[in-house]
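K.L.:
Attaching a single structure in structure tokens format; questions to follow.
The values are calculated or read from the model by the stated rules, or taken from the named source; none is laboratory data. None of these values were measured; they are calculated from a predicted model. All Cβ positions, glycine included, derive from the backbone under ideal geometry; neighbour counts span all protein chains shown. Ligands, DNA and RNA are stripped out before the accessible areas are found, and what is left, the full protein with its side chains, is counted by its heavy atoms. Shrake-Rupley method; radii C 1.70, N 1.55, O 1.52, S 1.80 Å.
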Amino acid sequence: MTDKMPVNPLLEGLASRAMPEPCSVVIFGATGDLTHRKLVPALYNLAADGDLPPGLSLVGFARRDKTDEVFRNELEEAARKYSRQAINDELWKNFASAICYHRSEFGELEGYHLLRERLHQLDKDRGTRGNRLYYLSAGPDQFENILTNLKDAGLADTAAAGWARVIVEKPFGTDLATARHLNEVVHKCFDEECTFRIDHFLGKETAQNIMVLRFANSLFEHLWNERYIDHVQITASEQLGIENRAGYYEGAGALRDMVQNHLLQLLTLIAMEPPTDLSADSIRDEKVKVLRSMRRIARQEVARSVVRGQYGAGSINGKAVGGYREEKNVKPESMTETYVALRLLVDNWRWANVPFYIRVGKRLPKGGTEIGIHFRNAPDVLFNRDQSGLRDGSQNVLVIRIQPDEGVSLRMQSKVPGASVRIQPVKMDFRYGTSFGKASPEAYERLLLDAMAGDATLFARRDEVEEAWKFIDDIEEGWHSEGNKSGLFFYPAGSWGPAEADQLIENDGRAWRRL
Ligand code: BG6
């Protein structure tokens, strides 16, 4: 008899899973940036790694007139530019044979009837068995049109044959009311199990590692609470400006664009309780509890807890760049924020009085996303008694680097070699690149594959999205209510944001981590 190693029940679900069933992926808004930069390169890389089901077909649905051939050529050009792995000609040829283009207005039912015929034909030709994955990557003003027409054309119906699922790109609403409305529209056509609200940060390798780090190691979880953790910092810093996205960004701003979704999602992974198992709903039940425990920031508190900023002209990597108000299609008097720093509390047993500081901005000196878990100081005795500056930077900090250079590092104190006792912080560093010797897949690869397999773990559930909006709406209202004192602060491009953001954390006797 052989002794079997006991299986860690939390890890059971992480075992590699079977290949998803063949299906047709229909991208609405297929001529847009997302298809070119992310979706098609992701699908190609999955194909190159042998992860795609044979027979998969890709249908681009958009308004512009073009042939299959032209569409394929455009996608090839984009894939050569943006793919993680170099394009292999033979492989591309094979992959491209699965691609076709369907021209239609989003609001014309007729176009959906024709789509249905096309999909039936693909079922016959490629063996896709009536399985459909719809990807809503068109402008959000078209979501309702697309969903309603899918339903009216019988394309959302899973009763007949195969399955039908929908991936909804962000933005998922612009506030609680619009998100609720969109959820209602979605659910007239698709059940929650068939709805995949994408948040690409959840597909990033290090974000997925947060639960493993916490629940597959015995070291951290005992310390993961208000007794040992002083505070948490979550930073997403970008060098890029808004590129050509003023049309969207002017109405969104950094709070809606990044905090409502990506950063609050990271926060829930850090703050959640261990789920009872690894099913999508057990995990999301825990995440939603965190969102519900977040202390809402009352309108009159907003100026004290949240700082918003906008970049002015400055320089990035020694190159002069213009200010936000000078960007194409941005109003010269725009009040849209490109930077947010905020302080929030999670009012539950584990996190009582532990501040979470969130900071996000465009046109900052360095790009990077990380989470810093700052532990409480060791007692003020022995090596820590000296007040000569030793305490500076003496906290243990566990840094989870989401990007770039994904990894985890732990800062601790060490004696400097030599006869005298001098102490200096040092870093224990784990890097994915070095430890696993290969590049991590792109977030969209993992997420597309999960949606094909029907696994919603890394997608936001209805209640998560709505809870997050409640928190964000209070801040937006605080900013835009009459007589509010929370102004917009300017920072030069290439700086770390407005001085008021430093003040926000310094008022609590803490400082932002340097990236
Ligand atoms: C998107 C935002 O969701 O995320 C962008 O709309 C932002 O404004 C981007 O630049 C950041 O994602 P990543 O993966 O490049 O860090």
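K.L.:
Looking for whichever is polar (S, T, N, Q), open to solvent by less than 70 Å² (accessible area, probe 1.4 Å) and in contact (Cβ under 8 Å) with a residue 40 or more places away in the chain here; the options are Asn348, Asn396, Asn329, Asn353. Which one fits?
P.N.:
Details: Asn396 fails: in contact (Cβ under 8 Å) with a residue 40 or more places away in the chain; Asn329 fails: open to solvent by less than 70 Å² (accessible area, probe 1.4 Å); Asn353 fails: open to solvent by less than 70 Å² (accessible area, probe 1.4 Å).
From the options Asn348, Asn396, Asn329, Asn353, the qualifying one is Asn348.
K.L.:
Whether any residue in segment 382-392 is aromatic (Phe, Trp, Tyr), open to solvent by less than 60 Å² (accessible area, probe 1.4 Å) and either under 24 Å from Leu219 (Cβ atoms) or touching a strand residue (DSSP E or B) at 6+ places or on another chain (Cβ under 6 Å) (or both) is what I want to check. Lay out the reasoning, then the answer.
P.N.:
So in segment 382-392, the residues aromatic (Phe, Trp, Tyr) come out as 383.
If we keep only those that are open to solvent by less than 60 Å² (accessible area, probe 1.4 Å) too, we end up with none.
No, segment 382-392 has no match at all.
Conditions tested, residue by residue: (1) touching a helix residue (DSSP H, G or I) at 6+ places or on another chain (Cβ under 7 Å); (2) modelled with pLDDT under 95.
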residue	(1), (2)
Asp230	no, no
Tyr248	no, yes
His262	yes, no
Arg284	yes, no
Leu291	yes, no
Arg296	yes, no
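K.L.:
Scan segment 175-224 for residues that are touching a Pro at 6+ places or on another chain (Cβ under 6 Å) and polar (S, T, N, Q) and report the count. Break it down into steps so the answer makes sense when it comes.
P.N.:
Of segment 175-224, the ones touching a Pro at 6+ places or on another chain (Cβ under 6 Å) are 215.
Okay, now just the ones that are also polar (S, T, N, Q), so none.
Number satisfying all stated conditions: 0.
K.L.:
Sticking with this structure for a sec: Taking the condition of being among the charged types (D, E, K, R) and more than 16 Å from the ligand (Cβ to nearest atom), how many residues in segment 148-205 meet it?
P.N.:
Taking segment 148-205 as the starting set, the residues that turn out to be among the charged types (D, E, K, R) are 151-152, 157, 165, 169-170, 175, 180, 184, 188, 191-193, 197, 199, 204-205.
From the residues that got through so far, the ones that are more than 16 Å from the ligand (Cβ to nearest atom) too are 151-152, 157, 165, 175, 180, 184, 188, 191-193.
Selection size over segment 148-205: 11.
K.L.:
From the list Ser293, Ser305, Ser315, which residue is closer than 27 Å to Glu193 by Cβ and hydroxyl-bearing (Ser, Thr, Tyr)?
P.N.:
Criteria check complete, one pass: Ser293.
K.L.:
In addition: Being out of contact with any Leu (no Cβ under 8 Å at 6 or more places or on another chain), hydroxyl-bearing (Ser, Thr, Tyr) and within 16 Å of the ligand (Cβ to nearest atom) is the requirement here; does Ser440 meet it? Explain how you work it out, then say what you get.
P.N.:
Values: out of contact with any Leu (no Cβ under 8 Å at 6 or more places or on another chain): yes; hydroxyl-bearing (Ser, Thr, Tyr): yes; within 16 Å of the ligand (Cβ to nearest atom): yes.
Yes; evaluated as a whole, the condition is true for this residue.
K.L.:
Name the single residue, out of those in segment 430-454 being over 17 Å from the mean Cα position of the chain (by Cα) and in contact (Cβ under 8 Å) with a residue 40 or more places away in the chain, that is farthest from Asp51 (Cα to Cα). Before you say what the answer is, go through the steps one by one.
P.N.:
Quick first cut of segment 430-454, residues over 17 Å from the mean Cα position of the chain (by Cα) only: 430-439, 452-454.
Add one more test, that the residue is in contact (Cβ under 8 Å) with a residue 40 or more places away in the chain, and what stays is 432, 439, 452-454.
Values: Tyr432: 21, Ala439: 16, Met452: 11, Ala453: 11, Gly454: 15 Å.
Filtering first and then ranking leaves Tyr432.
K.L.:
Output the number of residues of segment 180-195 satisfying the condition of being of a type in the set (Val, Ile, Thr) and either in a helix (DSSP H, G or I) or farther than 19 Å from Ala456 by Cα (or both). Please lay out each step first, then the result.
P.N.:
Just the residues of segment 180-195 that are of a type in the set (Val, Ile, Thr), to begin with: 185-186, 195.
With the extra rule that they be either in a helix (DSSP H, G or I) or farther than 19 Å from Ala456 by Cα (or both), the set shrinks to 185-186.
Count: 2.
K.L.:
Across segment 425-451, what is the number of residues that are in contact with a strand residue (DSSP E or B) (Cβ under 6 Å, 6 or more places away or on another chain) and not aromatic (Phe, Trp, Tyr)? Walk me through it before giving the result.
P.N.:
Step one: list which residues in segment 425-451 are in contact with a strand residue (DSSP E or B) (Cβ under 6 Å, 6 or more places away or on another chain), which gives 425-432, 451.
Subsequent filtering for residues that are not aromatic (Phe, Trp, Tyr) retains 425-429, 431, 451.
Residues meeting the conditions: 7.
K.L.:
Keeping to segment 214-266, report how many residues are among the hydrophobic types (A, V, I, L, M, F, W, C) and within 16 Å of the ligand (Cβ to nearest atom). Walk me through how you get there before you give the answer.
P.N.:
Keep residues of segment 214-266 that are among the hydrophobic types (A, V, I, L, M, F, W, C), which gives 215-216, 219-220, 223-224, 229, 232, 234, 236, 240, 242, 246, 252, 254-255, 258-259, 263-264, 266.
Still in the running and within 16 Å of the ligand (Cβ to nearest atom): 234, 236, 240, 242, 246, 252, 254-255, 258-259, 263-264, 266.
Counting residues in segment 214-266 that are among the hydrophobic types (A, V, I, L, M, F, W, C) and within 16 Å of the ligand (Cβ to nearest atom) gives 13.
K.L.:
Please work out if Asp199 is among the charged types (D, E, K, R) and open to solvent by 30 Å² or more (accessible area, probe 1.4 Å). Step through it out loud before you land on a result.
P.N.:
Values: among the charged types (D, E, K, R): yes; open to solvent by 30 Å² or more (accessible area, probe 1.4 Å): no.
When the stated conditions are applied, Asp199 does not pass them.
K.L.:
Confirm whether Lys366 is closer than 15 Å to Arg513 by Cα and either open to solvent by 50 Å² or more (accessible area, probe 1.4 Å) or in contact with a helix residue (DSSP H, G or I) (Cβ under 6 Å, 6 or more places away or on another chain) (or both). Quick ask: steps written out before the conclusion?
P.N.:
On the way: closer than 15 Å to Arg513 by Cα: yes; either open to solvent by 50 Å² or more (accessible area, probe 1.4 Å) or in contact with a helix residue (DSSP H, G or I) (Cβ under 6 Å, 6 or more places away or on another chain) (or both): yes.
So Lys366 passes the test.
K.L.:
Which one of these is open to solvent by 30 Å² or more (accessible area, probe 1.4 Å) and under 30 Å from Gly162 (Cα atoms): Pro425, Pro441? Write out each step before concluding.
P.N.:
Details: Pro425 fails: under 30 Å from Gly162 (Cα atoms).
After ruling out the rest, the residue left standing is Pro441.
K.L.:
Now for a different question. Could you give me the residue pairs with C-beta distances under 7 Å whose first residue belongs to segment 224-242 and is assigned to a loop (DSSP other than H, G, I, E, B), whose second residue is open to solvent by 50 Å² or more (accessible area, probe 1.4 Å) and of a type in the set (Lys, Arg) wherever it lies, and which are 6+ apart or on separate chains?
P.N.:
From segment 224-242, the pairs are Tyr228/Arg376; Gln239/Lys366.
Okay, residues lined up against (1) under 20 Å from Phe489 (Cα atoms); (2) at pLDDT 95 or above:
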site	(1), (2)
Ile316	yes, yes
Glu337	yes, yes
Gly361	yes, yes
Gly367	no, yes
Gly393	no, no
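K.L.:
Among the numbered conditions (1) within 20 Å of Leu39 (Cβ to Cβ); (2) open to solvent by less than 10 Å² (accessible area, probe 1.4 Å), tell me where Pro140 comes up short.
P.N.:
The failed condition is (2).
K.L.:
Can you tell me which residues in segment 163-179 are surrounded by fewer than 17 Cβ atoms within 10 Å (Cβ to Cβ) and assigned to a loop (DSSP other than H, G, I, E, B)? Full working, then the answer.
P.N.:
Going through segment 163-179, the residues surrounded by fewer than 17 Cβ atoms within 10 Å (Cβ to Cβ) turn out to be 163, 175, 177-178.
Across segment 163-179, the qualifying residues are Trp163, Asp175.
K.L.:
Does Leu504 satisfy the condition of being open to solvent by less than 50 Å² (accessible area, probe 1.4 Å), touching a residue at least 24 places away in the same chain (Cβ under 8 Å) and within 30 Å of Lys38 (Cα to Cα)?
P.N.:
Details: open to solvent by less than 50 Å² (accessible area, probe 1.4 Å): yes; touching a residue at least 24 places away in the same chain (Cβ under 8 Å): yes; within 30 Å of Lys38 (Cα to Cα): no.
The answer is no for Leu504.
K.L.:
Is there any pair linking a residue in segment 243-257 that is over 17 Å from Asp141 (Cβ atoms) and open to solvent by 30 Å² or more (accessible area, probe 1.4 Å) to one that is near the ligand (Cβ under 8 Å from one of its atoms) and assigned to a helix (DSSP H, G or I), with Cβ under 9 Å and at least six apart or on different chains, and which?
P.N.:
Glu243/Tyr249
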